[in-house]
Amino acid sequence: MNFVVPDFYPAAAEIFVAVMALVIMLAAAFARGVRWLAYALAQITLIGAAFITIFVTMSGEVVHTFSGMFVGDLLGDFLKLLIYFSVAIALLYGRGYLADRKLDRPEFYLLAVLMTLGMMVMVTSNHMLTLYIGLEMMSLALYAMVAFDRDSARSTEAGMKYFVLGALASGLLLYGMSMVYGATGALDFGSIHEALYYQSANKTVLLFGLVFLMAGIAFKLGVVPFHMWVPDVYQGAPTAVTLLIATAPKLAAFAMAVRLLVFGLFELVEQWQAMLMFLAVLSIILGNLAAIAQSNIKRMLAYSGISHMGFMLLGLLAGVVDGDRHYAFGAYSSAMFYAVSYVIMSLASFGMVLLLSRAGFEAENVDDFKGLNKRSPWFAAMMMIIMFSMAGIPFFIGFFAKLAVLQSVVAAGHVWLAVLAVMMSVIGAFYYLRVVKVMYFDEPVDTAPIHAPADVRVLLSVNGLSVAALGLAPQGLMYLCGIALLASLV
């Protein structure tokens, strides 16, 4: 057997991030007294990776390397850029919070870079092994980050819960992958697709494998009934870590679902559509109803995230109607647009929670937002925009994200599902509007001025305004999502 030297060029961004992780590790060992160095190196890593992705590897063509285990395509490049963007903003928002609690250690930024590398491997995987390696690299970094505050019993408990449940989900995913391999004799998505297309696979074993794969995907997305970890981890983790969990990993989980289901198991579309429908309906119902009862805003946003991921799954399940694949492209691009929109809104919402938090005080309760309009009318307006968008009120990006998904669902003939989703959105608007109510109509409990660095204030303002601006002109982002998918599917 002759060893073929792979083409490293398409993986230039991943190699750069891996090398920079080693640099940050050395900096952590030999320059511990320079507290800002690891943060600066992490941001340089993300900026450099974005530069490489845009100017070196983004060609618009589909390129396979590493024996077909890695795929360089526009979908992967676009999602990688969004991952760099969201992680960089999350680190900027969280730096002051971490410094106030003496958590801004170099190890935190090293874990953030390794988490980013794991997500990059996930979105460019063309093989089940590379997908699993990327998933575990991301997950192990997140487990450590959740429990990073070693002096907090709540944080340690959340980390342990996340680790145990995550290990269980990884086991289910691996078992599903082994059954797919047993049924098809292949692990790369192209060969799996061919085996299914030519009906050379054992259908019974394959369906059992699909069930386990769906369980793993559902856990990483945090949808019902694999949602148990989401509210506890969101509440228990330091808020800066919660921000990281709630944003970029959702993009990686979306890529994982698309790579597995659309690129690999598309011939089983009727089976996995039925499973996605079950997950989506339960997530939208439970997420919205459970969020109403929450007084802790991090738990409220956790249940809100469960319902949002349910909405995103609606786009994935609406692609094929009675074997007709005519609607597939529009449905999958609407799901991608929803995932991107949710990440933008989550960055802003948790950024506001971080803005109000300070040394010795966690702005975790809805009541902590009381009278925010009297303390800072500008940031009260930003939070109002974010809450309106998450509720799906026109004309913000959240409204058009929901509209695009619902149009795909109706086009697929699932009118009852669209009606249910709209009804649940109306119910869910209650807990978003409650935050707006306490900001504008209640007396402030805390009258302390809001202190934050100028860069955080400016970026948070831009983040909030972008939610409104993209709502007024969503076509550009929708077009980018569509082009990225189209260039990768053909």
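The values are calculated or read from the model by the stated rules, or taken from the named source; none is laboratory data. Since the model is a prediction, treat every value here as computed from it, not as a measurement. Positions of Cβ are backbone-derived with ideal geometry, glycine not excepted, and every protein chain shown enters the neighbour counts. What goes into the accessible areas is simple: the full protein's heavy atoms, side chains included, and nothing from ligands, DNA or RNA. Shrake-Rupley method; radii C 1.70, N 1.55, O 1.52, S 1.80 Å.
Looking at (1) touching a residue at least 60 places away in the same chain (Cβ under 8 Å); (2) open to solvent by less than 10 Å² (accessible area, probe 1.4 Å); (3) under 24 Å from Ala27 (Cβ atoms), which one does Tyr84 not meet, given that it meets all the others? Tyr84 satisfies all of (1) touching a residue at least 60 places away in the same chain (Cβ under 8 Å); (2) open to solvent by less than 10 Å² (accessible area, probe 1.4 Å); (3) under 24 Å from Ala27 (Cβ atoms) except (1).
Condition check for Leu142 on (1) free of Cβ contacts under 8 Å to residues at least 40 places away in the same chain; (2) within 27 Å of Ala452 (Cβ to Cβ): one failure, at (1). Cβ-Cβ distances below 8 Å connect the following pairs, each with a first residue in segment 34-63 that is within 11 Å of Val17 (Cβ to Cβ), a second residue that is at pLDDT 90 or above and open to solvent by 70 Å² or more (accessible area, probe 1.4 Å), and a separation of six or more residues or different chains: Ala50/Phe85. Among the criteria (1) within 22 Å of the chain's Cα centre (by Cα); (2) under 27 Å from Leu486 (Cβ atoms); (3) of a type in the set (D, E, K, R), the one Arg95 does not fulfil is (2).
Residue-by-condition table, conditions (1) assigned to a strand (DSSP E or B); (2) at pLDDT 90 or above; (3) within 20 Å of the chain's Cα centre (by Cα); (4) surrounded by fewer than 23 Cβ atoms within 10 Å (Cβ to Cβ):
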residue	(1), (2), (3), (4)
Ala28	no, no, no, yes
Gln43	no, yes, yes, yes
Gly48	no, yes, no, yes
Ile89	no, yes, yes, no
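Within segment 362-408, the set of residues being assigned to a helix (DSSP H, G or I), of a type outside the set (A, V, I, L, M, F, W, C), in contact (Cβ under 8 Å) with a residue 60 or more places away in the chain and open to solvent by 10 Å² or more (accessible area, probe 1.4 Å) comprises Asp367, Asp368, Asn373, Lys374, Arg375, Lys402, Gln407, Ser408. Counted as qualifying within segment 140-253 are the helices (runs of 4 or more DSSP H) with 3 or more residues that are over 30 Å from Arg105 (Cα atoms), namely 153-184, 189-197, 203-221. Looking only at segment 251-264, residues that are open to solvent by 10 Å² or more (accessible area, probe 1.4 Å) and under 17 Å from the mean Cα position of the chain (by Cα) come to 0 in all. In this structure, does Ile52 turn out to be touching a Phe, Trp or Tyr at 6+ places or on another chain (Cβ under 9 Å), open to solvent by 10 Å² or more (accessible area, probe 1.4 Å), farther than 30 Å from Ala186 by Cα and at pLDDT 95 or above? Against the criterion (touching a Phe, Trp or Tyr at 6+ places or on another chain (Cβ under 9 Å), open to solvent by 10 Å² or more (accessible area, probe 1.4 Å), farther than 30 Å from Ala186 by Cα and at pLDDT 95 or above), Ile52 qualifies.
Checking the conditions here, which among Leu173, Leu187 is at pLDDT below 95 and open to solvent by less than 20 Å² (accessible area, probe 1.4 Å)?
Numbers: Leu187 fails: open to solvent by less than 20 Å² (accessible area, probe 1.4 Å).
Matching residue, one of Leu173, Leu187: Leu173.
Condition check ((1) open to solvent by 40 Å² or more (accessible area, probe 1.4 Å); (2) touching a strand residue (DSSP E or B) at 6+ places or on another chain (Cβ under 7 Å); (3) of a type outside the set (S, T, N, Q)) across all residues:
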| site | (1), (2), (3) |
| --- | --- |
| Gly134 | no, yes, yes |
| Ser139 | no, no, no |
| Ala183 | no, no, yes |
| Ser200 | yes, no, no |
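Return the residue satisfying two criteria in turn: it lies in segment 431-472 and is within 30 Å of Phe278 (Cα to Cα) and out of contact with any helix residue (DSSP H, G or I) (no Cβ under 6 Å at 6 or more places or on another chain), and of such residues it is surrounded by the fewest Cβ atoms within 10 Å (Cβ to Cβ). By that ranking, first place goes to Leu433. Pairs are defined by a Cβ separation below 7 Å, a sequence spacing of at least 6 or placement on different chains, a first member in segment 204-217 that is over 21 Å from Gly134 (Cα atoms), and a second member that is crowded, with 24+ Cβ neighbours inside 10 Å; the pairs so defined are Leu206/Val180.
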